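Derivation of every value follows stated rules applied to the coordinates shown; laboratory data play no part. Being a predicted model, the structure only gives us computed values, none of them experimental. Heads up, the Cβs are rebuilt from the backbone with ideal geometry, glycines too, and the neighbour counts pull from every protein chain shown.
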Amino acid sequence: MLTLSFVLYELAWYAMFAFVIHHAVKQWGNAKTAAFFIPAIFFGFLLEWATQTIFQGYRYGEGFLVYILNVPLSVSITWSTLLYIGFWLAREKLGLKAGKASVFAAGFLVVVDALHFEPMAQTFGYWVWTHAGVWFGAPLSNYYGWFWVVVLYVTAFQWIEKQPWSEVKKLGVGILAIPVQVAALTGLLKLYKLVFGNL
């Protein structure tokens, strides 16, 4: 059943996505923008699908407009939007060019931004965690995961960006790199759970 809060939340993210695509095209051009966003959307979708289906970490509410395999389309787009914002802020506003500093700064910036999602999500029922955590119902592993998603994606993108390849090849390699990143993230999350449990 559609509800106003879900629709407004979803439309707000579509609008934000349109804005960052426009911004990226102005900064980078069409080809590089595609090379960043298409793998990022795929990465976001795969993470959300796996977290729900394989790890059963949470479930989504039923008020979103568009779902793909039980994942709201707007959530996959949200991942790509935040990845770009974190990456751009770290490089352009903090002046941290390609390297470890920009990667970790981008991860930190996205985690800080993500902290406000959970109180709103729990209040309006956008998603519900299987094991309630300490931050408005979200486990700390959520933010650990967010951090490493950004680090892995930005690291891969910066490496691909340096290669003397066509933009089409960079896009293809970016997509092919996603399963490797998901496998690495899965290992990091399993390590976290081994040490901290469901915290």
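What does the charge dipole of the chain about its Cα centre add up to, to the nearest 20 debye, if the Cβ of each Lys and Arg holds +1 and the Cβ of each Asp and Glu holds -1?
Values: 12 positive and 8 negative charges, 130 e Å.
In total the dipole reaches around 620 debye.
I'd like the distance between the alpha-carbon centres of region 1-62 and region 95-169, rounded to an integer number of Å. Their Cα centres are 13 Å away from one another.
In plain terms, the residue of LEU171, LEU82, LEU191 with the fewest other Cβ atoms within 10 Å comes first and the most crowded comes last, giving LEU191, LEU171, LEU82.
Working note: Karplus 6.51/-1.76/1.60 with θ = phi - 60° gives region 70-80 the couplings 6, 10, x, 4, 4, 6, 4, 5, 4, 3, 5 Hz, where Gly and Pro are set to x.
With Rh defined as the Kirkwood radius, the inverse of the mean 1/r over Cα pairs, the Rg/Rh of region 77-164 is 1.05. For region 170-199, the set of trypsin sites (Lys or Arg not before Pro) satisfying both a DSSP loop assignment and a count of at most 12 other C-beta atoms within 10 Å is empty.
Our estimate of slack between TYR67 and LYS162, defined as 0.36 nm per intervening residue step minus the Cα-Cα distance, is 30.7 nm.
Could you tell me the relative contact order of region 4-196? Use alpha-carbon pairs under 8 Å, at least six residues apart, and round to a whole percent.
With pairs under 8 Å counted, the relative contact order is 25 percent.
Considering every alpha-carbon pair of the chain, the percent of pairs per 10 Å bin, from zero through the bin containing the longest distance, is 9, 35, 38, 16, 2. Residues whose amide H comes within less than 5 Å of that of TYR67, counting only those at least five positions distant or on another chain, are LEU73 (H built at 1.01 Å from N in the peptide plane). Summarising the amide proton neighbourhood of THR130: residues at separation of 5 or more, or on other chains, whose placed amide H is nearer than 5 Å comprise TYR58, ARG59. Helical content of the chain, expressed as a calculated mean residue ellipticity at 222 nm, amounts to -24500 deg cm²/dmol (DSSP H runs of 4 or more residues, -39,500 (n - 2.57) each, divided by residue number, nearest 500).
Could you tell me which trypsin sites (Lys or Arg not before Pro) in region 34-100 are loop residues by DSSP with no more than 15 other beta carbons within 10 angstrom of their beta carbon? Qualifying residues, ordered by number: LYS97. Of all stretches in the chain that contain no chymotrypsin sites (Phe, Trp or Tyr not before Pro) in a DSSP loop with at most 15 other Cβ atoms within 10 Å, the longest one is 56-164. Across region 142-159, computed HN-Hα scalar couplings (Karplus, 6.51 cos²θ - 1.76 cosθ + 1.60, θ = phi - 60°) run 4, 7, 4, x, 4, 4, 6, 4, 5, 4, 5, 5, 5, 4, 5, 5, 5, 5 Hz from first to last residue, x flagging Gly and Pro.
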